[in-house]
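To start, the structure under review is shown below, and the notes come after it.
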Amino acid sequence: MEPTLEAAAFIRPCVGERLSGDGTLIEKRGELTCAVLIDGLGHGPRANEASIAGLEAVRGKWTADPKETLDLLHDGMKNSAGGVGAVCIVDEKKREMVYAGVGNTVARVLGNEPRSFVSVPGTLGKQMREPRIDRLTLSEKDIVLMHSDGISDRAPLGEYPEIRIHSVQTIVRTMVKRFGRTFDDVSCIAMRYSR
């Protein structure tokens with residue numbers, strides 16, 4: 001039986017806030033999985049409204065082109081506080097991922113050849129530059145991580161060796177618990193092939 005792509009997300013609001021300005025979306029369509037992560041500017045209700053506006057703009061409307069999906073996010077967030085975000089599309093059968101991001105979102109692949117992806121400067125809903133498109137063929141052992149700046153891009157993942165064996169649901173919760181900044185909204189998406 002062919003391994004299938006598993007994906008999970010977890011969000012925690014900033015301490016003192018009931019609503020998170022971070023938002024995530026994971027949708028499957030045929031052999032494609034789309035993962036979207038948004039970090040609305042600031043904290044609390046205004047940031048939450050911005051991330052909701054972005055997610056509503058792409059829910060069910062994303063395409064296999066992450067740039068087109070970022071354009072949908074950008075347009076959907078124009079009447080909000082704005083934010084930063086990233087889109088990762090994985091073709092489950094071809095084992096290919098395509099990534100594009102705007103602002104200080106982080107994406108990396110952990111595996112035999114660890115790799116980080118670059119998001120271009122900008123603010124969704126306000127000013128967006130031409131995004132850089134990154135492509136990678138995934139192995140069965142690779143773990144795709146996406147997270148907001150509520151987790152440092154220098155988080156010492158060496159302190160989390162169990163990441164290699166944990167389920168995606170455990171990975172996202174552990175990443176937020178161990179490495180999440182207390183006074184910031186935190187979100188994390190993890191994807192890997194089932195074992």
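Tabulated results
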{"quantity": "Residue selected from the stretch 27-54 under the condition closer than 19 Å to Met77 by Cα and acidic (Asp, Glu), by the criterion least open to solvent (accessible area, probe 1.4 Å)", "calculated": "Asp39"}
{"quantity": "Within the stretch 87-109, tally of residues that are within 18 Å of Arg164 (Cβ to Cβ) and either assigned to a loop (DSSP other than H, G, I, E, B) or of a type in the set (Asp, Glu) (or both)", "calculated": "0"}
{"quantity": "Count - residues of the stretch 37-83 that are part of a helix (DSSP H, G or I), under 13 Å from Thr24 (Cβ atoms) and either in contact with an Asp or Glu (Cβ under 8 Å, 6 or more places away or on another chain) or basic (Lys, Arg) (or both)", "calculated": "1"}
{"quantity": "Matching residues in the stretch 157-176 - criterion: being without any contact (Cβ under 8 Å) to a residue 12 or more places away in the chain and over 17 Å from the mean Cα position of the chain (by Cα)", "calculated": "Gly158, Pro161, Ile165, His166"}
{"quantity": "Residue selected from the stretch 13-26 under the condition surrounded by fewer than 20 Cβ atoms within 10 Å (Cβ to Cβ) and in contact with a Gly (Cβ under 7 Å, 6 or more places away or on another chain), by the criterion modelled with the lowest pLDDT", "calculated": "Glu17"}
{"quantity": "Residue within the stretch 76-92 that is at pLDDT 95 or above, closer than 22 Å to Leu145 by Cα and open to solvent by 20 Å² or more (accessible area, probe 1.4 Å) present", "calculated": "yes"}
{"quantity": "Residue ranges of strands (runs of 3 or more DSSP E) in the stretch 110-195 with at least 1 members touching a strand residue (DSSP E or B) at 6+ places or on another chain (Cβ under 6 Å) and surrounded by fewer than 18 Cβ atoms within 10 Å (Cβ to Cβ)", "calculated": "115-117, 134-137"}
{"quantity": "Unmet criterion (only one of (1) open to solvent by 10 Å² or more (accessible area, probe 1.4 Å); (2) farther than 16 Å from Gly21 by Cβ) for Gly103", "calculated": "(2)"}
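Conditions tested, residue by residue: (1) closer than 25 Å to Ala50 by Cβ; (2) touching a Leu at 6+ places or on another chain (Cβ under 7 Å); (3) at pLDDT below 95.
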position: Glu140; (1), (2), (3): no, no, yes
position: Ile143; (1), (2), (3): no, yes, no
position: Ser152; (1), (2), (3): yes, no, yes
position: Tyr160; (1), (2), (3): no, no, yes
position: Ile165; (1), (2), (3): no, no, yes
position: Arg173; (1), (2), (3): yes, no, no
position: Thr182; (1), (2), (3): yes, no, yes
position: Val186; (1), (2), (3): yes, no, no
position: Ile189; (1), (2), (3): yes, yes, no
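For every residue, the table says whether it meets (1) of a type in the set (D, E, K, R); (2) out of contact with any Ser or Thr (no Cβ under 6 Å at 6 or more places or on another chain); (3) touching a residue at least 24 places away in the same chain (Cβ under 8 Å).
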residue: Thr105; (1), (2), (3): no, no, yes
residue: Val109; (1), (2), (3): no, yes, yes
residue: Glu113; (1), (2), (3): yes, yes, no
residue: Val118; (1), (2), (3): no, yes, no
residue: Gly122; (1), (2), (3): no, yes, yes
residue: Pro131; (1), (2), (3): no, yes, yes
residue: Asp134; (1), (2), (3): yes, yes, yes
residue: Ile143; (1), (2), (3): no, yes, yes
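The values are calculated or read from the model by the stated rules, or taken from the named source; none is laboratory data. Bear in mind that the values here come from a model prediction, so they are computed numbers and not experimental data. We place every Cβ from the backbone using ideal geometry, glycine too, and count neighbours over all the protein chains shown. The accessibility values were calculated without ligands, DNA or RNA, using every heavy atom of the protein model including side chains. Shrake-Rupley method; radii C 1.70, N 1.55, O 1.52, S 1.80 Å.
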